[in-house]
1. With a 1.4 Å probe and every protein chain left in place, tell me how much accessible area B:Tyr73 has, in Å² to the nearest 10.
2. From largest accessible area down, sort A:His334, B:His100, A:His218; use a 1.4 Å probe on the protein chains.
3. Please name the residues of the range B:160-197 whose accessible area, counted over protein heavy atoms with a 1.4 angstrom probe, falls by no less than 30 Å² between the chain alone and the full protein assembly.
4. Quick one: Karplus J couplings for the range A:238-252, per residue in order, coefficients 6.51, -1.76, 1.60, θ = phi - 60°, nearest Hz, x for Gly and Pro?
5. Helix B:131-140: angle to the longest alpha-carbon principal axis of chain B, degrees 0 to 90, nearest 10?
6. Using a 1.4 Å probe, how large is the accessible area of B:Met132, given in Å² and rounded to the nearest 10?
7. Could you work out the pair-distance distribution P(r) of chain B from its alpha-carbon pairs, with 5 angstrom bin width and percents rounded to whole numbers?
8. How far apart, in nanometres, would the label points at B:Phe167 and A:Arg139 be if each is projected 7 angstrom from Cα along the Cα-to-Cβ direction?
Amino acid sequence: MKHFEIILQYVRTRLGLDPTDAETKALLAEDFPESTSSDTPAADIIIDRLLSASGRSADNILIEQRTLAAIRKLDRERNKRRAYHFFRFEAGTERLVSVIAACVILCFGFWWAANLMLPSPIAILDPYGSVWILRQKQRLTPTVPTKLYSGDTVITGERSRAIIRYRRHRTYISLRADSRMRLFASSTGQLALLDTGSMAAGVSAASGRSHFTVETPHARVFMESATQFKLRSTQSESVIEVIEGETTLQSLSSWAEPIEIEAGAVVAVNGGRRLVPGSFGAPVIANVRGLDRTEIENSLRLGRLFGVNTLAYDLPLSGTKPPEALVKAVAEAHKQGFMFYARVDLKTLVSVEKKDPGRWIRENLAPLVAEYDFDGVYFYNGGDLVREKEIASILMPLYDSLVDVLPGTAMLIGYSRDPNA
Amino acid sequence: MAYIEDIGGYNMARLEEAVQAVLRGETCRYEEIVKACSPSIRAVLSAMIEDHDMVPDLVQETFIIAYRRLDMYEPGTDFFAWLRTIARNVARNEKRRQRHRDTPDAALNRTDEDAIENHVEAIVETLPADIMDALEDCVQRLDPRARQLIEAFYHQGRSVREMSGRFHLSETAVKVALFRARRAIYHCLRKKGIFSR
């Protein structure tokens with residue numbers, strides 16, 4: 001009768017009925033006959049719970065959402081762990097191979113992107129003697145074979161030479177002494193601008209579809225096949241001598257037609273002249289190297305190569321007169337188209353010498369500027385950028401003093417460091 | 001009647017295909033499984049657990065365990081049965097936790113209840129996936145007065161005392177009437193093949 005005891009217990013505790021109550025007795029007699037198994041209360045419990053659950057059917061959507069949110073969170077954590085395990089040392093060989101392959105692909109990608117983004121060299125320069133490269137306002141002095149990039153300017157000094165070898169084909173340029181050449185490259189070809197000086201070149205047929213062009217201030221020379229030629233450019237003319245092959249020459253005069261030049265021919269062009277650096281009006285100043293004849297000549301020659309159009313001489317502040325040679329130097333500079341300025345160290349003038357600048361200009365500077373035929377005065381502050389504001393505050397009175405005593409004289413103000421640098 | 005061949009309007013073949021997809025790595029397909037099976041799993045857990053507030057947490061736990069161990073499921077076998085086994089174990093663990101929280105007096109009274117709960121577990125194992133639909137159908141087949149009592153007590157949340165005043169019956173009579181209504185549902189379900197083990 002264990003089953004019946006269970007049922008009585010169920011009726012009492014779960015249903016909350018009193019088995020001695022008449023209605024409960026009737027219920028027990030009708031619905032729980034002697035043969036009833038303990039499945040009856042179990043089924044009743046299940047139906048009771050399911051009915052309660054059916055009354056809360058709105059929970060279904062909430063349950064789904066919560067469950068899916070928990071699964072997504074689990075996924076994220078699992079992915080994080082996967083990424084961590086992927087790079088652990090105990091990872092399998094396949095994973096390691098995958099990592100190495102990915103690294104190689106990435107490195108190749110970076111290298112390729114860097115190649116696209118960074119400028120690639122177009123030629124190699126072999127310097128012999130005094131050779132300089134001007135690159136983005138920097139002057140480099142190469143002593144060993146050096147890479148050249150598009151936009152570089154190569155300058156050769158006295159008794160010096162530069163061999164320029166192009167990287168993509170067997171074209172070379174031999175730049176002779178006292179020459180200045182700018183190099184450019186584009187997708188359609190190579191361009192070399194010979195501003196002044198002379199060169200010899202061997203253009204390879206391997207340059208293929210990319211044309212090779214050399215320009216001087218007077219003419220443009222095209223090469224489409226293997227050619228050897230010499231070219232000289234001076235202020236007044238350009239002369240080309242074709243040794244082997246054939247070139248096309250075009251004068252920069254607007255009316256000129258291009259002409260073919262065969263091996264053995266020598267052609268001079270002295271038509272329209274293109275402006276080269278240094279021929280513009282803005283002063284580009286360099287200090288004169290010295291006052292004897294050789295030093296003056298060197299200063300003018302190098303000045304022309306580096307695009308300098310104004311020479312300057314450091315004027316002593318003590319009131320002593322400069323040497324007589326300075327008069328000849330200024331005259332020679334004027335003769336060759338250069339300006340000549342008196343250069344004054346403003347910092348020393350104001351701070352060290354303890355002089356009154358206005359008085360010094362009137363008593364010392366003005367007579368010298370007039371006597372030596374200086375074109376102007378160049379004040380520089382010795383590179384002391386920290387004192388820029390202080391120096392600026394004394395420049396205007398200085399300018400007024402100068403205009404008073406030397407009307408029409410140019411005055412330059414240099415915040416920059418010593419031009420000799 | 002429909003068993004797991006058509007769970008929540010979800011075809012068994014499609015459910016099996018979704019499981020395969022998740023196993024291949026398309027984890028987003030697990031959402032389909034949750035949507036198809038959660039009403040049935042909720043029914044299983046509701047049938048086993050006294051405290052209905054616990055059921056949502058247990059449904060979530062069931063699906064998380066299933067997701068973690070999905071690679072242990074043998075494709076082509078009965079996925080819902082596999083899921084129901086997990087749900088039953090989750091419910092058992094919950095009951096065990098509740099027992100640890102019981103007072104000594106309550107623990108003494110548990111013996112008879114444990115016997116009934118063992119029967120409950122055994123019956124739950126045989127419940128079809130669409131038990132809730134079958135239950136709803138049987139409620140609709142009750143005589144009007146019994147249906148009113150069931151709706152007032154289970155759906156509207158009325159207490160026995162409130163129903164006693166409303167239906168002009170003693171509280172005992174209300175309890176007996178509710179029991180008889182459930183009994184009628186039981187017989188209806190038996191006719192549908194449920195509870196007939």
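1. Approximately 10 Å² of B:Tyr73 is accessible to the 1.4 Å probe.
2. Details: A:His334 60, B:His100 155, A:His218 0 Å².
Correct descending sequence by accessible area is B:His100, A:His334, A:His218.
3. Residues passing the criterion (a loss of at least 30 Å², heavy atoms only) are B:Thr172, B:Lys175, B:Val176, B:Phe179, B:Arg180, B:Arg182, B:Arg183, B:Tyr186, B:Phe195.
4. Residue by residue, the range A:238-252 yields 10, 10, 10, 10, 8, 8, 8, x, 8, 10, 10, 10, 10, 6, 7 Hz.
5. So the helix axis and the longest Cα principal axis differ by about 30 degrees.
6. 50 Å²
7. Distribution as computed: 1, 7, 13, 15, 16, 16, 13, 9, 5, 3, 1, 0, 0 percent.
8. In this crude spin-label approximation the distance works out to 11.1 nm.
The values are calculated or read from the model by the stated rules, or taken from the named source; none is laboratory data. Worth saying up front: this structure is predicted, and the values here are computed from it rather than measured. Backbone-built Cβ (ideal geometry, glycine too); neighbour counts: all protein chains shown. SASA here: full protein model, heavy atoms, side chains in, ligands and nucleic acids out. Shrake-Rupley method; radii C 1.70, N 1.55, O 1.52, S 1.80 Å.
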